Amino acid sequence: MASHRPLAPEALYTDCRLDHMQFDTTDDLEDSDEFLGQDRVLKAIDLGVTIKRKGYNIYALGPTGVGKHTLVRGFVEGRAAQEPAPHDWCYVYNFTLPSKPRALQLPPGTGVQLKHDMEQLIEELRTALSSAFESEEYQTRRRVLEEEFQERQQESLKELQEQAKEKDLALLRTPGGLAFAPLREGEVLPPEEFQKLPPEEQKRIEEEVEGLQQQLQRVLLKMPRWEREFRSRLRELQQEVSGFVLSDLMEELYEKYKDLPDVISHLQAVQKDVSENLGNFLESDETKAEAKAEAAPVMPDGLKIAPALRRYLVNVLVDASEAKGAPVIYESNPSYLNLVGRVEQMAMMGALVTDFTLIKPGALHQANGGYLILDALKALTSPYAWEGLKRALQFGDIRIESPVQMMSLTSTVSLEPEPIPLDIKVILVGDRMIYYLLAQADPEFGELFKVAADFEDEFVRDEETTKQYARLIATMVRKENLLPFEKGAVCRVIEESARAVEDAERMTARMRNVVDLMEESDHWARAAQAERVAAEHVEQAIAARIYRSDRVSRRMQEEVLRGTILIDTEGEAIGQINGLSVIQMGGYAFGKPARITASVRIGRGEVVDIEREVELSGPLHSKGVLILSSFIKGRYAVERPLSLGASLVFEQSYGGVDGDSASSTELYALLSAIARVPLKQSLAVTGSVNQYGRVQAIGGVNEKIEGFFDLCAARGLTGDQGVLIPASNVKHLMLRKDVVEAAAEGKFAIYPVETIDQGMEILSGMPAGERDEDGRYPEGTINRMVEDRLAEFAERQRQYARANGEESESESAG
C-alpha cells in the first residue's frame, strides 16, 4: 500500500507578503484608477457608448458588490466630459391646437433666456399698452368714435321724436324699452283719459303709434350694426396704437433669436395673439391685485400670472446652461412618470386644471443627448416603467402620457405634448439572472440592449494583481476616510479576499465586501485608540463578524457534543462514515459534519437512496447516488449480475439534501459495508466521484474542513483526526490560522485524494489492490473483499432461485 501523506501546512494557506512593494502604510501608496480584472467589461462598455447605432444600449450584469454602478458611472462620466452639451428643450403654447403644446429645441442655455425674455415681454406689454391706451391721443380718438356712435343713435331717435310730436305723440323710455304715448297740451295722456276719448280718436292714435312703432323698430335694428361698426373701428384704433408698442418690443426679440426659426415662428404667433386679445393686458389694477392675492398662497410662480397671459410663458423642460459635456443621469426610482415625465394638475374651484406650464420632465429628458443609468430590477418591478422605456427606445422619442392614457383606458381630455426626439444610451445594471430571463422571455430585449457587460466575480492572484490590489485598498482607505492600513493589515485583507472566493490563486472582485471589512477594521483600530490599522485589527473584525453570525453553527455543535446528534470522532465502524456539508445562512457559511451509513443485502443491483425515497433529496444528490451505483456495477459486476441491495442515508437529517459532494463519502460507506471493513471515525470526507472512481472537486472546502476541525477541537485533538478532500481542491485552501497551526503540530491532517482507492486505503488502513494479469484482485485487499462478497451474494441468489424453482416444480407435479 502506498504511503499517503497529509498536506504540508504551507499548502493549507497562501500568505500574502508584498515583499515586492516598499511601503509602511497605505499613505505611501498611490491611488489606483484601474478596474481590476474587468477588461472584458471595459471593452463592452466602450463599444456600447461609441457605436452610434440603434439598439446598442448596455446591460451591465454581475453579482452585487463588484462595483457595477461605480465602474459604469466612472467610465461613462469620463466619456461624457468629452462630448458636447445637450440641447435645451422647452414647451410653449400651441396657438393653433392648444391641447398639443409645441416642443422647442434650443442651444444650451437659450431656454432660460427665452423664458426670461417672455416673462419680461409680458410685464412690458402690460405697462406699455396701459400707457398707450391711457394716452391723451388715444382717449381723444376713442371719444370721437364714441361720440359719433352716440350721435348717430341720437339723430335717429330725434328724427322719430319730431315726427311723433307732430302727431301729438311722445317717445318715452320705460322699463320695458322705448314706447309711444299720446299727448294733450304737452302732457302725456293717462290711460284712463285715453279710454274716455271717442273710439274714432282712439283708433286714429293707435294707427299713428303703430306706424311710428314700425319706424322705431327699423331704427333699433340698425343699432347693432352701428355698434359692430363702432367696435370694429375701435379695434382698428387699438391695433393701430398697440401695433407701435408691439413692433417696438418684438423687434428686439426677433433680432435676438433670428437664427432660430422655430422661436421666430412662435414669436410671430405670440404677436398675432396679443394683438387679437389686447383686453387681457388692460385689466384694472384692482383686478390684478385681487387675482394675485388669491393665487399666491396656492400656486407656483408661473401660475400667479393671469390665466389668459400664461399662454405666453415658456416652460423650460431641460436647461443645459451649466452642462459641461453630455449628461450622465442615475435614476434611483425609475417609475413610469419619473422616466417619461408627467403633466401635473392643480385643484382650482373644485376642478382639476392644467396647462403646458405644468409639464414636468422625466429622466429620459434630463439624460437626452447623454447617458441614463437604471437599476434593472427596479425598472422591471415598477408598473409600466419597463414598457415605457422600451417604447421610447424603439420609436426614438419621448411621449409624455399618463399610464392610463398609454393603456388607452380612458378618453379624458388632457394635454398631448409634442414628442421630443430621443438620443440616449441607456445602461441597465442588474444581476445575471435578470439578464438571462429577459433574453429568454422578452423578444424586444435583445433588439434594444445588444451589449452585455459581464462583470468578473474574481481574478487571478499573482504578483502584479496583488500589487494593484494593494493600491486599490489604499484608494479605498482615502475615499472612505479610514485610518492608514499597515502593510500587514493590507496583506490580511488580500488574504481574506482570496478566502472569499474559496481559491488561494484568485481574489474577489466584490469590493463592497472588502470595503465593509476595512471599515470594521478601522472601527476596532479607533476603539483601541490606534493611529493605524494593523493586522490584528483586521483579524478582530473577521472574528467579530463570525461571532455575530455563528449562533446556529454553535448550537449544532453543542448538540453533537451533548450526544443529541450522533457523530464519532474516534474509533472505527463498518458502513459508517463522517460526511461534510455546507450551510449558507445569509452572508455566513459554515461546515456541518453528518453521519452517513450504508447497509447491504442480497438484492437485484439496486442502491436505495433513502433521502430520495422520502423526497428530501435534490436532483444533484440523486445523480451522485446513481453515479456511485454505476461505479459499483462497472468495477465489480462486469461478468456477473450485481446481486446487491443497498441503502444509503444521512442519519438525523431532517431537511433537504442536495449536491453531489457527498457521493464519494457514500461510496466509501457502501464499500465498507460490502467488504465488512471498518472505517476510521476520526476522519471526515468530502468530494464527488465519477463513474471511474476519480474524486472530483467540490465547493465550500474551507468551511467543511473547519466545521469538522471545530468539533474535533472541542472534544480534544488526538493527532489521528483529519479530513479527506479532492486533490483538485488543494488550490482552494485558505484555512483559518488555528487549523493551519494544528496541522503544523501534527494534531490534524488534510489528505488530498485523487481516487476512491486512495481514500479507502486512508480510511481503512488496508491496501485497495489492483487487478493482476488474471484480472483478479490480490488477497487481503479491499477490492478483493468487495468482489468476493458480491460473488457470494450472486451465488446465494442463484441457489435461492434454483431451490425456489425446484419447489415450484414439485408443487406442480403434485
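Taking segment 444-475 on its own, how many of its residues are more than 24 Å from Thr14 (Cα to Cα) and either of a type in the set (S, T, N, Q) or assigned to a helix (DSSP H, G or I) (or both)?
Residues flagged as more than 24 Å from Thr14 (Cα to Cα) and either of a type in the set (S, T, N, Q) or assigned to a helix (DSSP H, G or I) (or both) within segment 444-475 amount to 5.
Which residues, counting only those in segment 363-395, are closer than 20 Å to Glu444 by Cβ, open to solvent by less than 40 Å² (accessible area, probe 1.4 Å) and part of a loop (DSSP other than H, G, I, E, B)?
Residue satisfying the conditions is Ser382 alone.
Which of the residues spanning segment 349-359 are free of Cβ contacts under 8 Å to residues at least 40 places away in the same chain and in a strand (DSSP E or B)?
Within segment 349-359, Ala351, Leu352, Val353 qualify.
Condition check: touching a Phe, Trp or Tyr at 6+ places or on another chain (Cβ under 9 Å) and either closer than 17 Å to Ala367 by Cβ or assigned to a loop (DSSP other than H, G, I, E, B) (or both). Does His69 satisfy that?
The answer is yes for His69.
Would you mind listing the helices (runs of 4 or more DSSP H) fully within segment 237-339 where at least 1 residues are modelled with pLDDT of 70 or more and out of contact with any Pro (no Cβ under 9 Å at 6 or more places or on another chain)?
Those helices (runs of 4 or more DSSP H) span 261-276, 307-310.
Would you check which residues across segment 540-556 are out of contact with any Asp or Glu (no Cβ under 6 Å at 6 or more places or on another chain) and buried (at least 17 other Cβ atoms within 10 Å of the Cβ) and list them?
Matches in segment 540-556: Gln540, Ile542, Ser553, Met556.
Per-residue answers, yes or no, for (1) among the charged types (D, E, K, R); (2) open to solvent by 20 Å² or more (accessible area, probe 1.4 Å); (3) on the phi > 0 side of the Ramachandran plot:
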| site | (1), (2), (3) |
| --- | --- |
| Arg5 | yes, yes, no |
| Ala44 | no, no, no |
| Ile51 | no, yes, no |
| Tyr56 | no, yes, no |
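Could you say whether any residue in segment 650-664 is assigned by TED's automatic domain parsing to the domain that holds Ser629, more than 39 Å from the chain's Cα centre (by Cα), surrounded by 20 or more Cβ atoms within 10 Å (Cβ to Cβ) and assigned to a strand (DSSP E or B)?
Taking every residue of segment 650-664 in turn, at least one turns out to be assigned by TED's automatic domain parsing to the domain that holds Ser629, more than 39 Å from the chain's Cα centre (by Cα), surrounded by 20 or more Cβ atoms within 10 Å (Cβ to Cβ) and assigned to a strand (DSSP E or B).
Which number in (1) closer than 17 Å to Ala675 by Cα; (2) in a loop (DSSP other than H, G, I, E, B) marks the one condition that Met734 misses?
Unmet condition: (1).
Sort through Gly563, Gly575 and tell me the only one that's touching a helix residue (DSSP H, G or I) at 6+ places or on another chain (Cβ under 7 Å) and at positive phi.
Every option except Gly575 fails the conditions.
Restricting attention to segment 521-548, report how many residues are small (Gly, Ala, Ser), in a helix (DSSP H, G or I) and farther than 20 Å from Ala474 by Cα.
3
The values are calculated or read from the model by the stated rules, or taken from the named source; none is laboratory data. Values in this document were obtained by computation on a predicted structure and should not be read as measured data. Positions of Cβ are backbone-derived with ideal geometry, glycine not excepted, and every protein chain shown enters the neighbour counts. Just so you know, the surface numbers come from the protein's heavy atoms only, side chains and all, with ligands and any DNA or RNA stripped out. Shrake-Rupley method; radii C 1.70, N 1.55, O 1.52, S 1.80 Å.
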